[in-house]
Amino acid sequence: MSDATPAGTSQFSKHRIEALIDGIFAVAMTLLVIDLKLPEHANVGDPAVLREALAELVPNLISWLISFMVLAIYWVANHRLYSHVRHADGRLVWFTMLMLAGASLLPFASAVNSRALSDVAQGVYASVMGLMGLASLLAARHIYRNPQLCAQPMDRETYIAACVRTSGVIVIGLLTVPISAVAPRMANFAFLLIFFLRPLSALLARRFSHGSPARLS
């Protein structure tokens, strides 16, 4: 059952929202690299010193790679969601702003995660990912339940797949917290599970949407 948009509800240009999304994601992705720097006073002309400095940067490099991948996943997910949208209403705008708040915080969370290998640092990182994921889920639900906002309404299978992928990222992020309490250096490797989310989401979406054309309420 759709939630009808009341008459007179403000409409926002999706193109301006997408431009803001692209800008914030571009800045966040760029800021991630700031944490990758060699010691200022190290004699990096000495191969031994350079090797040692590069080895010390490995946690930062891993955190950068994971964070860049997470931002890329959310950017692609948001692009898919907005491909259905003709114009946005106030709720969709604020769900998107909530997601962008998480994206802007991710460079900070990534720096904390790379410098302090602990369950607390991992919890900060997982919390930011959870914020982005929750906002993305709310946006997907709103778009799905309000086809009047859409040029091309979102079908049940697409909605389920989007929810599975986003929920999967949240669960993986939360999973790293207890892992980091036992094996701090291994926790970030749990994010490799993200690569299994797309085939899993496609499988579950086909299974749960088969023979069920009705919309989720």
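Just to be sure before I move on: is Ser10 touching an Asp or Glu at 6+ places or on another chain (Cβ under 8 Å), at negative phi and either at pLDDT 90 or above or open to solvent by 40 Å² or more (accessible area, probe 1.4 Å) (or both) in the structure I sent? When the stated conditions are applied, Ser10 passes them.
Search the stretch 107-157 for residues being open to solvent by 10 Å² or more (accessible area, probe 1.4 Å) and of a type in the set (Val, Ile, Thr), and hand back the single one that is nearest to Leu32 (Cα to Cα). Of everything passing the filter in the stretch 107-157, Val112 is nearest to Leu32 (Cα to Cα).
Residues in the stretch 191-217 that are buried (at least 19 other Cβ atoms within 10 Å of the Cβ) and either touching a Pro at 6+ places or on another chain (Cβ under 6 Å) or modelled with pLDDT of 80 or more (or both): Phe191, Leu197, Ser201.
Restricting attention to the stretch 58-70, the residues that are under 14 Å from Asp35 (Cβ atoms) and either open to solvent by 30 Å² or more (accessible area, probe 1.4 Å) or touching a Leu at 6+ places or on another chain (Cβ under 6 Å) (or both) add up to 9. Would you be able to say whether some residue in the stretch 107-126 is hydrophobic (A, V, I, L, M, F, W, C), over 17 Å from Val177 (Cβ atoms) and touching a residue at least 40 places away in the same chain (Cβ under 8 Å)? Scanning the stretch 107-126 turns up at least one residue that is hydrophobic (A, V, I, L, M, F, W, C), over 17 Å from Val177 (Cβ atoms) and touching a residue at least 40 places away in the same chain (Cβ under 8 Å).
In contact with a helix residue (DSSP H, G or I) (Cβ under 6 Å, 6 or more places away or on another chain) and either within 27 Å of Ala183 (Cβ to Cβ) or part of a helix (DSSP H, G or I) (or both), is that true of Ile62?
Numbers: in contact with a helix residue (DSSP H, G or I) (Cβ under 6 Å, 6 or more places away or on another chain): yes; either within 27 Å of Ala183 (Cβ to Cβ) or part of a helix (DSSP H, G or I) (or both): yes.
So Ile62 fits the description; yes.
In the set Leu50, Leu98, only one residue is among the aliphatic types (A, V, I, L, M) and modelled with pLDDT of 95 or more; that residue is Leu98.
Just one of (1) closer than 25 Å to Ile17 by Cβ; (2) in contact (Cβ under 8 Å) with a residue 40 or more places away in the chain; (3) part of a helix (DSSP H, G or I); (4) open to solvent by 40 Å² or more (accessible area, probe 1.4 Å) fails for Ile160. It is (4).
Considering only residues that are touching a His at 6+ places or on another chain (Cβ under 7 Å) and buried (at least 22 other Cβ atoms within 10 Å of the Cβ), which ones fall in the stretch 74-94? It would help to see each step written out before you state the result.
Taking the stretch 74-94 first, the residues touching a His at 6+ places or on another chain (Cβ under 7 Å) are 91-92.
Result: Leu92, single match.
The values are calculated or read from the model by the stated rules, or taken from the named source; none is laboratory data. In this text, all values refer to a predicted model and were calculated from it rather than measured experimentally. Virtual Cβ from ideal backbone geometry, glycine too; neighbours counted across all protein chains shown. Areas reflect the complete protein model, heavy atoms only, side chains present, ligands, DNA and RNA absent. Shrake-Rupley method; radii C 1.70, N 1.55, O 1.52, S 1.80 Å.
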